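The structure appears below as structure tokens.
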Amino acid sequence: MLGSLLSTASLPHGEALQQLRVWLQIVNSVARAGISLGEDEEAVLDDDLACCRYLVARGWAVPPAADMLHAALLWRVRRSPPGPLCDLDSADGAFLRLEGGRGKVYVPDGVDCHGRGVLVLDNSVQRSGSSLQASMRYFAFCIQLALRQAELARARGGGEGGAPAPGLQPPPPDKLLIVIKLHRFSLLNSPPPSHAKETLEMLMNHFPESAGLAVACPRRASSPLPRGVSSLSLGHIIVYRPPRVFSGLWAFSAKLIDAKMRSKVHFISGSVADGSANDALMRRLAGDGWKQLCGCEQPFVSPGCTEGFEPDSYWRGVVQRDRAWSALRGPKPTKGST
């Protein structure tokens, strides 16, 4: 494996990052890894924060982090997720509007009260006939959009919930709040096993350390909050108790999740009425405007779409956000420039 080319000694974090950077320079300059990188992949590699995610995911051990990054590069080349959407009339724009026209996965305009980008999922509005390639390309775009959203909000000094909660230091913009709306979940609209499997692989291996918190919001439940929920910290995944029929899919998915990610997963159920225990919890996790931000308990505004989602205005907003992010990052350096 490629990681075996690197020292196996325990290294200080700065030295580990430097070793991984050296490996990346080899990949970029020589086809030793058998990978043909495009501009988007090179941009990902030219980012210390992205490299650190792989190092953190592998306990700052450089060889396994390099192997993990190698696999992620191969996946990116195979799936070729779209980059920032700055032109709605482009080929990528047409693809994204078709695949995400009903709001099966979308990124609200804002961040939670901890500064994290938000992903809202509702598989009940999945477009019929969507291929594995199309679904994974679209989901990868949404993950990257949520990370860009957090970076943009951080540069602007806040987001949906305003500044981070009093006494909390804002985390780096590389964690996500994932909200899975399951109140219309059924076996008829559940994702195919191949889609579910690769989605989990993406979060664990190709976007490591990005799944900060996941919340599944059903409409009905009867049990009180489980013990320990009140003391949750950033970096956990919280899945609030889905319908009973979801248990089979979760049993399948849990086998595919590594121990580190499973440790972040919790299930929550109960009333989400204003003033309820769940409402108080969601305010701590996402902010006072969590229902609007996460698309929960919102009216339907477009036929066939998830609650609170209007496709035309949403995609126009995505273009505006990505243009603002691109302006924040500045022009791409010319190849060969110093």
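Within segment 266-278, can one find any residue that is touching a helix residue (DSSP H, G or I) at 6+ places or on another chain (Cβ under 6 Å), modelled with pLDDT of 85 or more, crowded, with 17+ Cβ neighbours inside 10 Å and part of a loop (DSSP other than H, G, I, E, B)?
The answer is no, given that none of the residues of segment 266-278 is touching a helix residue (DSSP H, G or I) at 6+ places or on another chain (Cβ under 6 Å), modelled with pLDDT of 85 or more, crowded, with 17+ Cβ neighbours inside 10 Å and part of a loop (DSSP other than H, G, I, E, B).
Matching residues to (1) assigned to a loop (DSSP other than H, G, I, E, B); (2) polar (S, T, N, Q):
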site	(1), (2)
55	no, no
77	no, no
87	yes, no
124	no, yes
135	no, yes
138	no, no
141	no, no
152	no, no
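Among what's in segment 98-122 and is part of a loop (DSSP other than H, G, I, E, B) and among the charged types (D, E, K, R), pick the residue that is farthest from residue 243 (Cα to Cα).
Going through the qualifying residues, I end up with 109.
Which of the residues spanning segment 295-338 are modelled with pLDDT under 90 and touching a Leu at 6+ places or on another chain (Cβ under 8 Å)?
Residue satisfying the conditions is 328 alone.
Show the residue pairs meeting these rules: Cβ distance below 6 Å; 6+ apart or different chains; first residue within segment 308-332 and buried (at least 18 other Cβ atoms within 10 Å of the Cβ); second residue outside any helix (DSSP H, G or I) and among the aromatic types (Phe, Trp, Tyr).
none
Tell me yes or no: at least one residue of segment 89-97 is under 16 Å from residue 176 (Cα atoms), of a type outside the set (Asp, Glu) and in a loop (DSSP other than H, G, I, E, B).
No, every residue in segment 89-97 fails to be under 16 Å from residue 176 (Cα atoms), of a type outside the set (Asp, Glu) and in a loop (DSSP other than H, G, I, E, B).
The values are calculated or read from the model by the stated rules, or taken from the named source; none is laboratory data. Just so it is clear, the structure is predicted and the values come from calculations on it, not from any experiment. Ideal geometry is used to build each Cβ from the backbone, glycine not excepted, and the neighbour counts take in all protein chains shown.
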